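Asker: The structure follows.
The values are calculated or read from the model by the stated rules, or taken from the named source; none is laboratory data. Just so it is clear, the structure is predicted and the values come from calculations on it, not from any experiment. Cβ coordinates were reconstructed from backbone atoms using ideal geometry, including for glycine residues, and neighbour counts include every protein chain displayed. For the accessible areas, the whole protein counts, side chains as well, though only heavy atoms, and no ligand, DNA or RNA atoms are used. Shrake-Rupley method; radii C 1.70, N 1.55, O 1.52, S 1.80 Å.
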Amino acid sequence: MTDTVAAALARVRGPAAPVRHNARTIAALTGNPDCRRRAVLDAAGVDKTALAQYVGHPARYGQSPFAIIRGHAFEARVKADGYAALRALVAAKLPGADVAGPAVDLGDGGADNAARYARTRAVLGGDEVALADHPLLRLSVAGQHVYLEPDLVACRVAGRLHVVEVKSFPVLDGRADPAKVAAAAVQAAVYVLGLRELRAAGGADPDAVATDALLVCPRDFGHEPTVAVLDLRRQVAVLRRQLRRLARVADLLADLPADFTVDLGGEGGAPARPPGAVAAALARLAARYTPDCLAACELAYHCRAEAAGSTAALGPAVREELGGVPDVAAVLAYADGAPPADPTQAEAAAVLRRAARLRAEALAGAAVWEC
Amino acid sequence: MLSALARAQAAATGVAQPLTTVGHLHAAAAPLVCVPLALAGETLAPLAALVGTDRAAPRLLVVPQPRNRDLRFAFAAALAAEVLPYLDARRGATEDVPADRGRQVRVRYLDAPQVWVPNPGGVEFVRLLGRSLRFRRTDGEHPVPAAVPRLGCWLTFLADRAELPGSALLVAATAALGAHWATGQSAVEDAHLPALLAWIDPPEGRTGAGAAAAAEDPAVTPPAGPATDPAFDRDVLAPLVAAYDRGAPDAPGRLAAALRGQLTPAWDAVWRAYDLLAALPPGATVAARWGQDRDAFTGYAAHLDEGGLPQPRHDSAVAAAARLHRLERAAATYALQRAYDDPLVLADHRLAGEAFRGEVVLADPTRVDDSGRRPVLRPRITVRSADPLHLAPGTALCAPGRPKQRATLVSVEGRDAVLELRGGMGRGRTPEAGSVPEVGEVVTYTTLTDAFAPAPAFPAPEDTPWTHGGPPADPAGGDPRGGAEVPGDPPAGAPPEPVPAG
Ligand code: SF4
């Protein structure tokens, strides 16, 4: 990271401390890779939750305390007694696995990122430790190093490091919710890449990080853990490609005025900048709203309001069926027979006109249905 | 495509737009509504439900400590006390239906249950609850009343049936509404029942868009379950459950009141959804599909009467393949029936070039083809259509008004399509009056047909080849029935019920 980019990002964020990334935010980033707004804000470590709240469109997701308690209880169960349950599961799943070695928890202490990262690197670069809990990883995202605090155990089996993810969604009759498994797989792929970067940074062989991850979940309706192997080859390849494709933040910053910031202003926690001015600053960062943002990005309600009147707000499939015409108003004008403003939309306009005619005819003639 | 345009129209006008001209779902005279809530984070921990057939008097069931298994089974028993009598009350009068080409008679109930839940999450709740209850034992270490596993079997039956396109035994309100109206928001937002209803049936003096925005705030309109609002969990539920655990005397009453407050808006919303769908004139084939639902209900009731075993945990390879085939066929039949029943659905097929409409300009109703061994009646008609005709000669076509008649596209010249007809003309040498379209008649032909490839001959479960896991050994923890077909479903090779003329 060059100093100027770092300085520019710090200015974009303002004096607040940067928020940390986790695998979910990285996975979401690759879920909408063309959104420049998100790329810049995430690279700068902007607190998007506070930002959304400030501009009047607070994010609406949170986690129930019951879900959090259950998640922690399950994790504690798997890790109890020196990770006994986890060791047994790994040994049963990866034949010949000897996971009797020592375990360390790298998560403790108020050490700063750099120190924790160095410690993680030392532990995972060597080969004495069998289980490393709460490693601190680092990943290059859009030309920036971001630290990840993954909820994972790195497990060494036969000289290879495996990602072990503990999740609290159930495996019922041998099947888990495919959407949840897919999300867990993408997160695990983020960890694989993070572990590989860590190995490479320490001069160790990055390929010693296996693309087979272990997913530990409760079985059926109870609390007994069960384990499945996730083959992450595809996810790792896709993720790597998407991360490479993310526009470099430096280029994105170059398009912005030198004093660009989304800082809320003011001193000592009380924001002073008018929300309208903050929203106007945000508008300079091109967004790419899709309804999937609602579940993935804290700014979604703001971006949705901004996207009102666009076909993108109706969903990518609808937009595509409408011939890619970006505005609802234009869609209806074409449906009414208006000539296309843009010659590339001539075909879409013709289809829309015909569709509108057929629709009107069917609605009008509904009462008289002839053979 | 037409539904995409309808969404754009809805977004511009602020109110939902119709996607159909008729209702495609049977609305039962006496539905049972069930709005469940589950505790976050657990596989299945029922928290509360409003259930009943009287919209003015729902029964509230509450599990004050959802992690307590005794309280969970008490909930199941209380739910069984609501649901099982409702199911039994559908088993009144019967009718005889000819089966096996009239050689036999099948009996079925005139009525069947129809359970409404707010959304697909509610269907999943029914499936999970069914799974968690149907193997419970009435003896042994943790005995439960016989009604509990019985409820589990019925819930599993309903959830299985809900996967079948066109079935109306277990209805998710959002899915039913979304099949009939397009809103000006995305499908993601349509999953929220209050917002969807706000577009379709906005309160007086408001646009759908404005009402939907208000309905999205969980503090104003609680979500329709089964997941609760995390803020409600944190601020209301968690303290009350803790108070209950401490034995606070007013905790049960306060819990019940809080949960009723969360559930009541969804309860009202499901009934509004039911009213909206019941008000649509039903499509011509709705009754036939409901007949199949009644068949399935009759069959499963008989299965349980005979002491039949609960559904297995896993389908065997053969049962899974047969089931998939059944679902695919049901989807194709349902698509065809909707298009035949509803010109607006058909219009979408016209736009896609799978159907065309036009006027008959030439007709040769008595044309005989004598090129074969014996002469056969093969009338030809020429249809002039404004729709683009991109179909290849030889394409098989059907007309919604003449379901028994097959047409073959002979040639296309400009706007004129020449069709050759067979069948559906009576037994004489000349066609029955009205069976061949006359000059001047406006007709529609589509490539949608109900002539399906016959089901592959699936081996019996005990003959499952080793490539597919071999014969099921012990698929359901001692269930010897293995992966046999779910009773009540028609066998895999049975033809779908014919589309009535109309
Ligand atoms: S919500 Fe906005 S900022 Fe976030 S990813 Fe979507 S478009 Fe980008």
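Asker: Consider segment B:177-190. How many of its residues are at the interface with chain A (Cβ under 10 Å from one of its Cβ atoms), small (Gly, Ala, Ser) and open to solvent by 10 Å² or more (accessible area, probe 1.4 Å)? Break it down into steps so the answer makes sense when it comes.
Answerer: To start, the set of residues in segment B:177-190 that are at the interface with chain A (Cβ under 10 Å from one of its Cβ atoms) comprises B:182-190.
From what's left, small (Gly, Ala, Ser): B:182, B:184, B:186-187.
Narrowing the set further to residues that are open to solvent by 10 Å² or more (accessible area, probe 1.4 Å) leaves B:184, B:187.
Qualifying residue count for the region: 2.
Asker: Follow-up question, since we're still on this one. Residue check: is A:Val78 within 16 Å of the ligand (Cβ to nearest atom) and part of a helix (DSSP H, G or I)?
Answerer: On the way: within 16 Å of the ligand (Cβ to nearest atom): no; part of a helix (DSSP H, G or I): yes.
So A:Val78 fails the test.
Asker: How many residues does segment B:388-409 contain that are in a strand (DSSP E or B) and not polar (S, T, N, Q)?
Answerer: Taking segment B:388-409 as the starting set, the residues that turn out to be in a strand (DSSP E or B) are B:396-399, B:402-409.
The next check asks that each one be not polar (S, T, N, Q); those that pass are B:396-399, B:402-404, B:406-407, B:409.
Matching residues across segment B:388-409 total 10.
Asker: Let me ask something else about it. With the structure loaded, tell me whether A:Ala80 is more than 14 Å from chain B (Cβ to nearest Cβ) and free of Cβ contacts under 8 Å to residues at least 12 places away in the same chain or whether it fails that test.
Answerer: Numbers: more than 14 Å from chain B (Cβ to nearest Cβ): yes; free of Cβ contacts under 8 Å to residues at least 12 places away in the same chain: yes.
So A:Ala80 fits the description; yes.
Asker: Same structure, new question: Within segment B:410-434, work out how many residues are part of a loop (DSSP other than H, G, I, E, B) and without any contact (Cβ under 8 Å) to a residue 24 or more places away in the chain. Before you say what the answer is, go through the steps one by one.
Answerer: Of segment B:410-434, the ones part of a loop (DSSP other than H, G, I, E, B) are B:414-415, B:423-434.
In the following step, the residues that additionally are without any contact (Cβ under 8 Å) to a residue 24 or more places away in the chain were identified as B:414, B:423-424, B:426-428, B:432-434.
Within segment B:410-434, residues that are part of a loop (DSSP other than H, G, I, E, B) and without any contact (Cβ under 8 Å) to a residue 24 or more places away in the chain number 9.
Asker: Residues in segment B:202-221 that are under 22 Å from B:Thr20 (Cβ atoms) and out of contact with any Phe, Trp or Tyr (no Cβ under 9 Å at 6 or more places or on another chain): how many?
Answerer: Selection size over segment B:202-221: 1.
Asker: Continuing with the same structure: In the list B:Ala258, B:Ala335, which residue meets the criterion of being surrounded by fewer than 23 Cβ atoms within 10 Å (Cβ to Cβ), within 25 Å of B:Asp160 (Cα to Cα) and of a type outside the set (Phe, Trp, Tyr)?
Answerer: Numbers: B:Ala258 fails: within 25 Å of B:Asp160 (Cα to Cα).
B:Ala335 is the lone residue from the list that is surrounded by fewer than 23 Cβ atoms within 10 Å (Cβ to Cβ), within 25 Å of B:Asp160 (Cα to Cα) and of a type outside the set (Phe, Trp, Tyr).
Asker: Of all residues in segment A:12-22 being in a loop (DSSP other than H, G, I, E, B) and either open to solvent by 30 Å² or more (accessible area, probe 1.4 Å) or not small (Gly, Ala, Ser) (or both), which is nearest to the ligand (Cβ to nearest atom)? Show your work before the answer.
Answerer: The first filter runs over segment A:12-22 and keeps only residues in a loop (DSSP other than H, G, I, E, B), leaving A:14-20, A:22.
Then drop every residue that is not either open to solvent by 30 Å² or more (accessible area, probe 1.4 Å) or not small (Gly, Ala, Ser) (or both), which leaves A:15-20, A:22.
Details: A:Pro15: 22, A:Ala16: 18, A:Ala17: 21, A:Pro18: 17, A:Val19: 14, A:Arg20: 18, A:Asn22: 16 Å.
The selected residue is A:Val19.
Asker: What number of residues within segment B:321-360 satisfy the criterion of being within 12 Å of chain A (Cβ to nearest Cβ) and in a helix (DSSP H, G or I)?
Answerer: Total satisfying the criteria: 12.
Asker: Yes or no: segment B:192-206 includes at least one residue that is within 27 Å of A:Asp173 (Cα to Cα) and either outside any loop (DSSP other than H, G, I, E, B) or out of contact with any Ser or Thr (no Cβ under 6 Å at 6 or more places or on another chain) (or both). Talk me through it step by step, then tell me what you get.
Answerer: Initial filter on segment B:192-206 (within 27 Å of A:Asp173 (Cα to Cα)): none.
No, segment B:192-206 contains no residue that is within 27 Å of A:Asp173 (Cα to Cα) and either outside any loop (DSSP other than H, G, I, E, B) or out of contact with any Ser or Thr (no Cβ under 6 Å at 6 or more places or on another chain) (or both).
Asker: Taking segment A:37-71 on its own, how many of its residues are within 13 Å of the ligand (Cβ to nearest atom) and either among the aliphatic types (A, V, I, L, M) or crowded, with 21+ Cβ neighbours inside 10 Å (or both)?
Answerer: The total comes to 14.
Asker: Here is a follow-up. Starting from segment A:46-70, take each residue that is within 14 Å of chain B (Cβ to nearest Cβ) and touching a residue at least 40 places away in the same chain (Cβ under 8 Å) and list its partners that are of a type in the set (S, T, N, Q) and in a loop (DSSP other than H, G, I, E, B), counting only C-beta distances under 8 angstrom and pairs at least six apart or across chains.
Answerer: Hits for this filter: A:Ala67/A:Ser168; A:Arg70/A:Ser168.
Asker: If only one of A:Thr290, A:Thr311 is within 8 Å of chain B (Cβ to nearest Cβ), under 33 Å from the mean Cα position of the chain (by Cα) and of a type in the set (Ser, Thr, Tyr), which one is it? Don't jump to the end; show me each part of the working.
Answerer: Details: A:Thr290 fails: within 8 Å of chain B (Cβ to nearest Cβ).
Exactly one residue qualifies, and that residue is A:Thr311.
Asker: Do any helices (runs of 4 or more DSSP H) lying entirely in segment A:253-371 carry at least 1 residues that are within 15 Å of the ligand (Cβ to nearest atom) and surrounded by 12 or more Cβ atoms within 10 Å (Cβ to Cβ), and which ones are they? Break it down into steps so the answer makes sense when it comes.
Answerer: Working: elements: A:275-283, A:293-296, A:300-306, A:316-321, A:328-335, A:346-364.
Answer list for segment A:253-371: A:275-283, A:293-296, A:300-306, A:316-321.
Asker: Still on this structure, I have one more. If A:Ala115 satisfies every condition in (1) outside any loop (DSSP other than H, G, I, E, B); (2) touching a residue at least 24 places away in the same chain (Cβ under 8 Å); (3) more than 16 Å from the ligand (Cβ to nearest atom); (4) away from every other protein chain (no Cβ under 14 Å) but one, which is the exception?
Answerer: A:Ala115 satisfies every listed condition except (2).
Asker: Only one residue in B:Leu327, B:Leu240 is in contact with a Leu (Cβ under 9 Å, 6 or more places away or on another chain) and not assigned by TED's automatic domain parsing to the domain that holds B:Pro194, so which one is that?
Answerer: Numbers: B:Leu240 fails: not assigned by TED's automatic domain parsing to the domain that holds B:Pro194.
Answer to the check: B:Leu327.
Asker: List the residue pairs whose Cβ atoms are under 8 Å apart, where the first residue sits in segment A:305-326 and is touching a residue at least 40 places away in the same chain (Cβ under 8 Å), the second is within 14 Å of the ligand (Cβ to nearest atom), and the two are 6 or more positions apart or on different chains.
Answerer: A:Ala305/A:His57
Asker: For segment A:149-171, enumerate the residues that are open to solvent by less than 20 Å² (accessible area, probe 1.4 Å) and part of a strand (DSSP E or B).
Answerer: Taking segment A:149-171 first, the residues open to solvent by less than 20 Å² (accessible area, probe 1.4 Å) are A:150, A:152-155, A:157, A:161-165.
Correct list: A:Leu152, A:Val153, A:Ala154, A:Cys155, A:Val157, A:Leu161, A:His162, A:Val163, A:Val164, A:Glu165.
Asker: Additional query: Read through the list (1) more than 7 Å from chain B (Cβ to nearest Cβ); (2) under 30 Å from B:Pro343 (Cβ atoms); (3) more than 36 Å from the chain's Cα centre (by Cα), then give the number of the only condition that A:Arg319 fails.
Answerer: (3)
Asker: Next question, about the same structure. Give segment A:200-245 a look and list any residue that's under 27 Å from A:Ala118 (Cβ atoms) and open to solvent by less than 10 Å² (accessible area, probe 1.4 Å), or say none. Step through it out loud before you land on a result.
Answerer: Pass one, segment A:200-245, residues under 27 Å from A:Ala118 (Cβ atoms): A:200-211, A:213-214, A:232, A:236, A:239-240, A:243-244.
Once the filter is applied, which keeps residues that are under 27 Å from A:Ala118 (Cβ atoms) and open to solvent by less than 10 Å² (accessible area, probe 1.4 Å), segment A:200-245 yields A:Val209, A:Ala210, A:Ala213, A:Leu214, A:Leu232, A:Val236, A:Leu239.
Asker: Restricting segment B:101-122 to residues that are part of a loop (DSSP other than H, G, I, E, B) and open to solvent by 80 Å² or more (accessible area, probe 1.4 Å), which is modelled with the lowest pLDDT? Explain how you work it out, then say what you get.
Answerer: Quick first cut of segment B:101-122, residues part of a loop (DSSP other than H, G, I, E, B) only: B:101-103, B:110-114, B:118-119.
Filter once more, so that each one left must be open to solvent by 80 Å² or more (accessible area, probe 1.4 Å): B:101, B:103, B:110.
Values: B:Arg101: 80, B:Arg103: 86, B:Leu110: 96.
Filtering segment B:101-122 for residues that are part of a loop (DSSP other than H, G, I, E, B) and open to solvent by 80 Å² or more (accessible area, probe 1.4 Å), the one modelled with the lowest pLDDT comes out as B:Arg101.
Asker: Determine which member of the set A:Thr30, A:Thr25 is within 13 Å of the ligand (Cβ to nearest atom) and free of Cβ contacts under 8 Å to residues at least 24 places away in the same chain.
Answerer: A:Thr25
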